[in-house]
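Shown next, in structure tokens, is the structure this report addresses.
The values are calculated or read from the model by the stated rules, or taken from the named source; none is laboratory data. Please read these numbers as outputs of a predicted model, since none were measured by experiment. We place every Cβ from the backbone using ideal geometry, glycine too, and count neighbours over all the protein chains shown.
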Amino acid sequence: MAVFNPKKREIECKLVYYGPGRCGKTTNLEWIHRTFTKNVVGKMVSINTDGDRTLFFDFLPMGLGKIRGCEIRVQLYTVPGQVKYSATRKLVLKGVDGVVFVADSMAVRREKNALSLKDLATNLKEYGLNIFKVPLVMQFNKRDLGAEGVPLLSIEQMQRDLNRQLKVPAFPASALNGEGVRDTLKAALESTLKHLHQEMRWAQPT
């Protein structure tokens, strides 16, 4: 849930990048941190685990307005995707305001995508949140690998597998070179802030 900081006149909210192991969550945040230097506050913090990492940093979404005259500060997080880090994933989701689900386009990862989305729904439910009501955006990552001959799932197939019921915005992407990363982030921020206005009955941005 968003937090109001009266001293700094800031509203802080939390956006989490979720998905199966090695789907590109970390690569997304690294590209954002490197590209939007004017929007980044401080350094990116990395918590290393065996085979995966949890990253987070503060981001100021300039151009999306203010809420009641307050600046918006967004904490961007990734979660470790491997099965053995289930407890960590659940912990990182605590207080989440919006989610980017990063799916792996490689055909061999089809089942892992579905399992990870189910895991997300389960963990959100533990905090009393419904995946159909939480601001959610999908990213179908690693589309560039098709040019290298790697068998990929079609966008249509991924939509059927993951987004048939949710019907949320979805973006093809290559986080490695930044394609689709900006569009994904913008949609996620807009959806999250719109939801905060509705849920907390705040005034429209100025």
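Please verify whether residue 135 is within 15 Å of the chain's Cα centre (by Cα), within 24 Å of residue 58 (Cα to Cα) and in contact (Cβ under 8 Å) with a residue 24 or more places away in the chain, treating the condition exactly as stated. So that I can check it myself, show each step before the final result.
Values: within 15 Å of the chain's Cα centre (by Cα): yes; within 24 Å of residue 58 (Cα to Cα): yes; in contact (Cβ under 8 Å) with a residue 24 or more places away in the chain: yes.
Yes: the conditions hold for residue 135.
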With the condition kept exactly as written, say whether any residue in region 87-99 is without any contact (Cβ under 8 Å) to a residue 60 or more places away in the chain, on the phi < 0 side of the Ramachandran plot and in contact with a Phe, Trp or Tyr (Cβ under 8 Å, 6 or more places away or on another chain).
yes
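Matching residues to (1) within 26 Å of residue 108 (Cβ to Cβ); (2) surrounded by fewer than 16 Cβ atoms within 10 Å (Cβ to Cβ):
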| position | (1), (2) |
| --- | --- |
| 148 | yes, yes |
| 155 | yes, yes |
| 162 | yes, no |
| 177 | yes, yes |
| 180 | yes, no |
| 191 | no, no |
State all residues of region 53-67 that are of a type in the set (A, V, I, L, M) and out of contact with any helix residue (DSSP H, G or I) (no Cβ under 9 Å at 6 or more places or on another chain); if no residue qualifies, say none.
60, 62
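Which one is farthest from residue 116 (Cα to Cα), of the residues in region 75-88 that are in contact with a strand residue (DSSP E or B) (Cβ under 8 Å, 6 or more places away or on another chain) and in a helix (DSSP H, G or I)?
This residue is 88.
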Of the conditions (1) within 23 Å of residue 171 (Cβ to Cβ); (2) modelled with pLDDT under 95; (3) of a type in the set (S, T, N, Q), the single one that residue 49 does not satisfy is (1)
Mind checking which residues of region 36-63 are more than 17 Å from the chain's Cα centre (by Cα) and touching a residue at least 24 places away in the same chain (Cβ under 8 Å)?
38, 41, 49, 51, 62
Taking the residues in region 87-129 that are more than 12 Å from residue 158 (Cα to Cα) and among the polar types (S, T, N, Q) as candidates, determine which candidate is surrounded by the most Cβ atoms within 10 Å (Cβ to Cβ).
116
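For residue 107, state whether it is in contact with a strand residue (DSSP E or B) (Cβ under 7 Å, 6 or more places away or on another chain), of a type in the set (A, V, I, L, M) and touching a residue at least 60 places away in the same chain (Cβ under 8 Å). Before you say what the answer is, go through the steps one by one.
Numbers: in contact with a strand residue (DSSP E or B) (Cβ under 7 Å, 6 or more places away or on another chain): yes; of a type in the set (A, V, I, L, M): yes; touching a residue at least 60 places away in the same chain (Cβ under 8 Å): no.
For residue 107, the condition - in contact with a strand residue (DSSP E or B) (Cβ under 7 Å, 6 or more places away or on another chain), of a type in the set (A, V, I, L, M) and touching a residue at least 60 places away in the same chain (Cβ under 8 Å) - is not met.
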